[in-house]
1. Would you mind checking segment B:262-303 for residues with the amide N under 15 Å from a putative spin-label position 7 Å along Cα→C-beta of residue B:9?
2. Expressed as a rounded percentage, what relative contact order does chain B have, with Cα pairs under 8 Å and six or more residues apart?
3. Per the helix-only calculation at 222 nm, which mean residue ellipticity applies to chain B, given -39500 (n - 2.57) for every DSSP H run of n ≥ 4 and division by its residues, nearest 500 deg cm²/dmol?
4. Relative contact order for segment B:8-101: what percent, with Cα pairs under 8 Å and sequence separation of 6 or more?
5. Give the separation of the Cα centroids, segment B:80-107 to segment B:8-44, in Å.
6. When the Karplus curve 6.51 cos²θ - 1.76 cosθ + 1.60 is applied with θ = phi - 60°, which whole-Hz ³J(HN,Hα) does each residue of segment B:113-124 get, with x for Gly and Pro?
7. Among DSSP bridges having both ends in the protein assembly as shown, what percentage is antiparallel? Round to the nearest 5.
8. Hey, can you grab everything whose amide H is under 5 Å from the amide H of residue A:83? Only 5+ residues off in sequence or another chain; H modelled, so Pro and N-termini drop out.
Amino acid sequence: MTTILETRSLNKEFGAVIAAKDLDVQVAKGEVVGVIGSNGAGKTTFINMVTGYLKPTRGEILFNGKSILGHSPRAITRAGMARSFQVAQLFPEMSVIDNLIVALAAAESPRPSFLSPLRSDARIARAEEILVEFGIENYRHSKVTAVPQGVRKLVDIAMALIGNPQMLLLDEPTSGVSMDEKTGLMDTVMNAVRQHGVTVLFVEHDMDVVERYVSRVLAFYSGEIIADGKPAAVLADERVRDLVTGHRHTHKKGNGAS
Amino acid sequence: MRFDRTEISLALIAIACVLFGFVSPGWLIFLLTIALSKALVVQGVVMQMRSGLVSFGQGLFYCIGGYTVGMGGQFFGIHDAIAALALGIAVAIVVAMILGLLLTRYRDIFFAMLSLAFSMILFGILVKSQELGSTDGFNVHNWTVFGWAPETGADSQQTVFTMTILAGLVIAIMIHRYTKAGIGVICEAVRENEVRVEYLGLSPRWLLYGNYVAAASVSALGGGLTALATGHVDPEMAYWTTSGEFIFIALLGGLGHVAAPFIAAIVFSVVRTYSIEFVPNTWQMILGFTLLGVIVFLPKGLWSLVSREKSGERT
């Protein structure tokens, strides 16, 4: 399979703290990769480095075989790698539909028009389709600060997908979302992702979500990857159980409990 | 080209103002001309406020616009008012394109103070320039419009008033469209969440840069019209209190509508003129209380009175 994302000996140090240590990761096109790890394990640091938010101390990042090291987040986004955030990054004074319309305009051109209206009929129609696709059409005119957390997360992810990225990085897509909403949210997101044929890498704390949606898991601990493989194998790994998931989580296929 | 309700209303108000100018006393025409010219500078301040930046140095472009008109007539033989105004805008654009490269790297108070610093640098240069009249400034040469020379006095006042109204109308329509256009809305998005804008593949810095240059050009036009109306320019145009006045008017009007700066500028001019007339020693206090009252009771500016009325009509 063709590799879409590759990191080579990626390191990040914050003073004496090593947040990422020699990370060698390869993600193939079409894969859905889950990233697990306790708080401070370096998961978000990894995403932040790959998407240009943080500059690695050492190492190399290749996207579609080309180095993106030192590129700005916008350049990386334009190259085809989008992301969502742990805390949904939206425009709080705008409505849900206006957030989507801004994302649509941004996807069309890096140089927005000076005089033609942003809220064109074509963009409104496309935004309506996206609202329906994500099941949030009832919130179209609500301010994003007034909608439930799950809806905010969906808007955040929808905005990331609007530019038709080749790869999508989701940072804890279900954090702050109630247990009942998680599956619905992830089903919606994964359906949209499949339709767009996007490679996905997502950070997640809920092992049930990980098991359900990913084809491969990377387990982080203290800035290192301690396991990489099929979900069943990684979640059954003794080091992962000791250092990441804790003993409370027992792989479902083992005894049906979690 | 299609015009929406706001644009048609603005055009009708502009026509009414031009007609009103023919029957108004000279002092009122002058007051309105200065107020509306300053409102154009305030439009530049408001454009930047919408993107989350407060310029404490918009007097820089006000002064550039004014001095270019003055110098065009005095030193370069440019007596046509339209050409002089256009030159003022061009000079402001060039200066903004240079300064914007640095300024748009900064946000919040750092942007505010740096913009103020550049304005004060110009003030310092002008004060030291004997050829430009130092602190006294100099008079603007008699001007023409497409070859027609208005009589000095009432005729000239009437002409510059009409020009200001027309310029105000064109700029108001352009800004109205700009605020609804891609760059206008996305500049507001930059104010709300710069990180998200960046991750949509846009450069917040270049958006702010474009906005800064556009705001400078509008402000320079205001400066040029002021110079034509008063017939005089001086370094005070770049002084920090002048820039403060523009922020005062911007806060007074609010960011809610393109008409707000025009209304606020007229209210400001009337309050100041009458305060100076009736309480010459405490007029600043009157202005201070006015702003205090607006901030406390109308935090979104005078325009919120109109928008409240409109929303009341709908319910």
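The values are calculated or read from the model by the stated rules, or taken from the named source; none is laboratory data. Predicted model, so just to flag it, every value in this text is computed and none were measured. FYI the Cβ positions are ideal-geometry reconstructions off the backbone, even for glycines, and counts take in every protein chain you see. When the accessible area is computed, the model is the full protein with side chains, heavy atoms only, and any ligands, DNA or RNA have been set aside. Shrake-Rupley method; radii C 1.70, N 1.55, O 1.52, S 1.80 Å.
1. Only B:262-264, B:302-303 pass the distance filter.
2. On the way: 478 pairs, mean separation 102.9, N = 315.
Answer for chain B is 33 percent.
3. -25500 deg cm²/dmol
4. Numbers: 37 pairs, mean separation 16.4, N = 94.
For segment B:8-101, the relative contact order is 17 percent.
5. 25 Å
6. Result, rounded to whole Hz: 6, 5, 5, 5, 4, 5, 5, 6, 5, 4, 4, x.
7. 60 percent
8. So residue A:83 has HN proximity to A:169.
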